[in-house]
Every structure is written in C-alpha cells, then in structure tokens.
Amino acid sequence: MKVINGQSLVITNNKNKPLYFFIKQLIDSLVCLCSLIILFPLLMMVAIFIKLDSPGPIFYKQERTGLNGKSFFILKFRTMQIDAEKNGPQWANLNDSRITRVGYFLRKYRIDEIPQFINIIRGEMSIIGPRPERSIFIKKFEKDIPDFRRRLQVKPGITGWAQINGGYEIDPKEKLELDLYYIHHFSILLDLKIILKSVPVILFAKGWR
C-alpha cells in the first residue's frame, strides 16, 4: 500500500504479468508512432483549421493523474474557447457552448484525442485503460466513493472497458466498477475486444461530448 497526497492506494503488482505489459507497451508505442507518421498531413490540416476557427493555441495541455497517482500533462487538440474554465474546472456537457465549431467535429469523431499518442510514446498512457481524471475530480469523487483511486493501478488510456460500456453517460461509481473489472481481468484478448468495440463508437460518433 502506498500513500499519495494523503490517500492510500493499493498498487497492483504488474510484475505478475511481465510478458503482457511488455507486449502491450511495445504495441502501444509502435502503433502510435506509425499512426502519427501516417496521419501527419491530416494533423497539419486540423492544426490550420483550429487556428482559423478561433484565437488560441492549437494544442491543449491539462494536468491529469496517471499510474500510481503520478501526475502528467495530457495533450489534445484544443476544442474549446480559451476562456472555457473562467468559472472554474468543469466537465464538458452535451451541446456545451464553450466548444468551437471545429472543436465540435474533432470531439465528435475523437480526432482531438490523437495528440495523446505522444503521451503513450512517453509511457504516461496506454491505448487501453481507464480515462485519466484531474486530481480535483478524483478528490471530489472519493468523498462518496472511497475506492475511486483504485483506478490508478494501471496506466490510463484513450479507450477502455468503461468507455465502450457507457462513456460519458455513466456516473463515477459505475465507471469505477467497469474500470476495476478491466484491472482484474486485463489480457491481450480483452484488449483486442475493447479495440474492436471502440471502432463503431468512433465511426458512428457514439457517446461524445
């Protein structure tokens, strides 16, 4: 057991499945590196459209909590106005007025998530895992769900068991239950199942905000 920011965290012994984690990290890095090279022309076009659509930077950086409570800065294409959080941290809502015109399209088809491939290559994230939350929200959820921090036992991901089984429509407690299911049952076959189920979610723009 480890204590992080005054909170206890039971850490999974990842050494129990060394081959799985080696293969997963290798696949993650190769897929993301190749994807960034192949998608480079598209990413350049996205960057231009973002700059033409609204004032502000192309990329959006935000501190998130990752494996074992370690903080990192997640990368995304900016999809909101630069003063989106002038009233304090908040989740995106359906038909959120803070979202730009280009941002609406990028979020709908998850294109805004592509820069997170850099986070994956750095080893901060994985393609598959619980979505990384902000520290402020983790502390908020822990007041009602003491075990919420157990989601930090594996690397956070772009897609995952909770994302394909509810996404934004589920509450934090349901999200925790689904994430813990993945943490207790992770395998190459389960990862493949999640990838296959993620494809229609992206193609048909399901559960986006």
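For segment 102-113, check the following and say yes or no: at least one residue is among the hydrophobic types (A, V, I, L, M, F, W, C) and out of contact with any Phe, Trp or Tyr (no Cβ under 9 Å at 6 or more places or on another chain). Steps first, please.
Filtering segment 102-113 down to residues among the hydrophobic types (A, V, I, L, M, F, W, C) leaves 102, 105-106, 111.
Now narrow it down to the ones that are out of contact with any Phe, Trp or Tyr (no Cβ under 9 Å at 6 or more places or on another chain): none.
No: segment 102-113 contains no residue that is among the hydrophobic types (A, V, I, L, M, F, W, C) and out of contact with any Phe, Trp or Tyr (no Cβ under 9 Å at 6 or more places or on another chain).
Within the group Lys24, Lys17, Lys51, which residue is within 16 Å of Ile195 (Cβ to Cβ) and basic (Lys, Arg)?
Working: Lys17 fails: within 16 Å of Ile195 (Cβ to Cβ); Lys51 fails: within 16 Å of Ile195 (Cβ to Cβ).
Just one listed residue meets the conditions, Lys24.
Please pick out the residue among Gly157, Gly166 that is of a type in the set (Gly, Ala, Ser) and buried (at least 20 other Cβ atoms within 10 Å of the Cβ). Steps first, please.
Numbers: Gly166 fails: buried (at least 20 other Cβ atoms within 10 Å of the Cβ).
None of the other options fit; the residue is Gly157.
Just checking: which of the helices (runs of 4 or more DSSP H) contained wholly in segment 82-201 hold 1 or more residues that are under 17 Å from the mean Cα position of the chain (by Cα) and among the charged types (D, E, K, R)? Spell out the reasoning first.
Details: elements: 101-108, 116-121, 135-142, 161-164, 172-185.
Of the helices (runs of 4 or more DSSP H) lying wholly inside segment 82-201, those with at least 1 residues that are under 17 Å from the mean Cα position of the chain (by Cα) and among the charged types (D, E, K, R) span 101-108, 172-185.
Restricting the first residue to segment 132-144 and requiring it to be within 18 Å of Glu177 (Cβ to Cβ), which pairs with a second residue that is in a helix (DSSP H, G or I) and of a type in the set (Phe, Trp, Tyr) meet a Cβ separation below 8 Å and a spacing of at least six or different chains?
Glu133/Phe141; Ile138/Phe148; Phe141/Phe148; Glu142/Phe148
Going through segment 65-109 one residue at a time, which ones are surrounded by 16 or more Cβ atoms within 10 Å (Cβ to Cβ), out of contact with any strand residue (DSSP E or B) (no Cβ under 8 Å at 6 or more places or on another chain) and modelled with pLDDT of 90 or more?
Result: Leu67, Val102, Phe105.
Please indicate, with yes or no, whether at least one residue in segment 193-208 is in contact with a strand residue (DSSP E or B) (Cβ under 6 Å, 6 or more places away or on another chain), over 29 Å from Ile48 (Cβ atoms) and of a type in the set (D, E, K, R). I'd like the intermediate steps shown before the answer.
In the first step, residues of segment 193-208 are kept if they are in contact with a strand residue (DSSP E or B) (Cβ under 6 Å, 6 or more places away or on another chain); the result is 194, 198.
Cutting the leftovers down to over 29 Å from Ile48 (Cβ atoms) gives us 194.
Going one step further and asking which of them are of a type in the set (D, E, K, R), we end up with none.
No, segment 193-208 contains no residue that is in contact with a strand residue (DSSP E or B) (Cβ under 6 Å, 6 or more places away or on another chain), over 29 Å from Ile48 (Cβ atoms) and of a type in the set (D, E, K, R).
Tell me whether segment 52-63 contains one or more residues that are modelled with pLDDT of 95 or more, surrounded by 14 or more Cβ atoms within 10 Å (Cβ to Cβ) and of a type outside the set (S, T, N, Q).
Yes, that holds for at least one residue.
The values are calculated or read from the model by the stated rules, or taken from the named source; none is laboratory data. On a predicted model such as this, the values are computed, not experimentally measured, just so you know. Quick reminder, even Gly has a Cβ in these numbers, built from the backbone with ideal geometry, and neighbours come from all protein chains shown.
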